[in-house]
Amino acid sequence: MERRYDLIIIGAGPAGMSAAIYGSRAGLKTAMLEMGAPGGKLVKTYEISNWPGITSTNGAKLASDMFEHSTAFGAEYLYGNVVKVEDGEYKKVICDDGNIYEAKAVIVATGTQERMMHIPGEEENVGRGVSYCAVCDGAFFKDQEVVVIGGGNSALEEANYLTQFASRVNIVIRRDVFRADSIVQETIKKNPKITIVTKHIPIKVVDDGKRVIGLVVENVDTHVQTEIKTHGIFPYIGLDPATSFLEGLPVLNEAGYMIVDENCETKVKGIYGAGDVIDKKLRQVVTATNDGAIAAQHAFHEIKKL
Ligand code: NDP
């Protein structure tokens with residue numbers, strides 16, 4: 001199957017959905033390709049309190065409203081797991097099911113994926129106690145002790161969320177300071193259900209053959225290992241860009257993030273990056289939607305010139 005568009009957007013998170021609104025409203029034949037549910041990280045976020053105009057909303061609700069909006073002006077929503085993008089007069093977007101889509105411009109808005117700890121016992125216990133999504137799985141740990149690993153905004157916000165269900169949330173950090181914003185740190189310190197374990201790194205996930213029963217952690221100074229008894233482990237140790245399908249193109253930096261100019265365009269004309277996937281400092285819903293709008297608007301002007 002081969003189909004031609006003016007604009008293909010890969011990824012239906014806030015950046016991709018914003019690009020779809022701007023592209024389709026400008027009259028471009030637009031398609032948005034996504035391999036999961038629309039919304040990206042939004043659907044995994046319990047509360048959003050920095051989207052201008054709405055003091056506090058639920059991530060899934062904002063995602064659903066954005067999705068409805070993104071297809072309201074004619075953008076098509078297609079299922080597809082992209083494995084390669086090729087340059088040319090028409091860019092080729094190749095999916096793992098054999099579908100190939102072509103477009104005059106491509107906006108990559110695939111975001112980031114959660115980094116794994118890469119320790120023994122982790123991979124085989126995903127879904128049996130190891131989870132990268134507190135909003136999806138937190139309720140399974142009602143009145144139980146859970147562990148969150150990491151000291152960034154994600155770890156602390158999700159730890160706070162988990163205290164609704166868990167009897168105790170142990171946050172394990174490898175230094176004695178957090179990386180998260182101070183406003184987020186303050187909330188954590190006030191929460192009586194949270195215990196902070198500093199200067200420890202995760203070493204091994206322990207299971208009983210059916211589910212997780214503990215996490216072995218090691219003191220970074222003394223190297224003494226201890227086991228925290230728990231059925232739930234939530235690693236939030238950072239994110240990596242989802243860009244492996246772009247490896248043949250000269251658009252990535254060493255860490256795999258896309259390098260773009262002020263129009264969100266890469267060195268390869270007609271290939272854009274938007275949202276968390278690009279090399280930038282502030283990764284937020286509001287900055288992602290900004291990138292999507294800029295990329296789609298520039299693509300529109302360039303296509304009009306052709
Ligand atoms: P961060 O990179 O900000 O934090 C990662 C945390 O994990 C750090 O505490 C880091 O420790 C720790 N860590 C990294 N590797 C390991 C390891 N192997 N073992 C143990 N600990 C480890 O990632 P986040 O996912 O929290 O955030 C990503 C981006 O998204 C940030 O820019 C963040 O600000 C933003 N964000 C913003 C939100 C908001 O504004 N509401 C919400 C969520 C995310 P160390 O500090 O020692 O390096």
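Between the helical axis of 285-305 and the longest alpha-carbon principal axis of the chain there is an angle of about 20 degrees.
From largest to smallest, the equivalent ellipsoid semi-axes obtained for the chain from the alpha-carbon gyration tensor read 39, 20, 17 Å.
Report the number of Lys pairs in the range 53-115 whose alpha-carbons are under 17 Å apart, with separation of 8 or more residues or on distinct chains. Let's see the in-between values first.
Values: Lys84/Lys92; Lys84/Lys104; Lys91/Lys104; Lys92/Lys104.
Taking the Cα cut-off of 17 Å, the pair count is 4.
Residues whose amide H comes within less than 5 Å of that of Ile213, counting only those at least five positions distant or on another chain, are Val206, Asp207, Asp208 (H built at 1.01 Å from N in the peptide plane). Note on the chain: dipole from Cβ charges, positive end direction compared against Gly238, Val216, Val146; the farthest Cα belongs to Val146. A crude spin-label estimate for the pair Ser167 and Asn50, with each label 7 Å from Cα along the Cβ direction, gives 3.5 nm.
Straight-line cross-link partners of Lys281 among the lysines, defined as a Cα under 22 Å from its Cα and at least 8 positions apart when in the same chain: Lys41, Lys44, Lys267.
By the scheme Lys and Arg +1, Asp and Glu -1, what is the net charge of all other residues having a beta-carbon under 12 Å from that of Arg211? The answer is -1. In plain terms, the chain from Asn81 to Asp279 could stretch by 69.0 nm, reckoned as 0.36 nm per residue minus the Cα-Cα distance.
Would you please put 169-175, 113-119, 65-71 in order of how densely packed they are, using the mean number of other Cβ atoms within 10 angstrom per residue and starting with the highest?
Working: 169-175: 21.1, 113-119: 14.9, 65-71: 18.1.
Ranking the peptides 169-175, 113-119, 65-71 by packing returns 169-175, 65-71, 113-119.
Remark: the range 23-28, residue by residue, has Karplus-estimated 3J(HN,Hα) of x, 6, 5, 7, x, 6 Hz, where x stands for each Gly or Pro and the curve is 6.51 cos²θ - 1.76 cosθ + 1.60 at θ = phi - 60°.
Taking all Cα pairs closer than 8 Å and separated by 6 or more residues, the relative contact order of the range 116-235 comes to 32 percent.
Coupling constants for the range 266-274 follow from the phi torsions by the Karplus curve (6.51 cos²θ - 1.76 cosθ + 1.60, θ = phi - 60°), and in residue order they are 7, 4, 8, 4, x, 10, 10, x, 8 Hz; glycine and proline get x. Seen through its C-alpha gyration tensor, with square-root eigenvalues sorted a ≥ b ≥ c, the range 116-235 comes out oblate because a/c lies at 1.5 or above while a/b is not bigger than b/c. Around the Cα centre of the range 116-235, unit charges on the Cβ atoms of Lys, Arg, Asp and Glu (plus for the first two, minus for the last two) sum to a dipole of about 260 debye.
Bear in mind that the values in this text are calculations on the coordinates, not laboratory data. Here the structure is a predicted model, which means the values were calculated and not measured. When we count neighbours, we look across all protein chains shown, and the Cβ atoms used for this are built from the backbone with ideal geometry, even at glycine.
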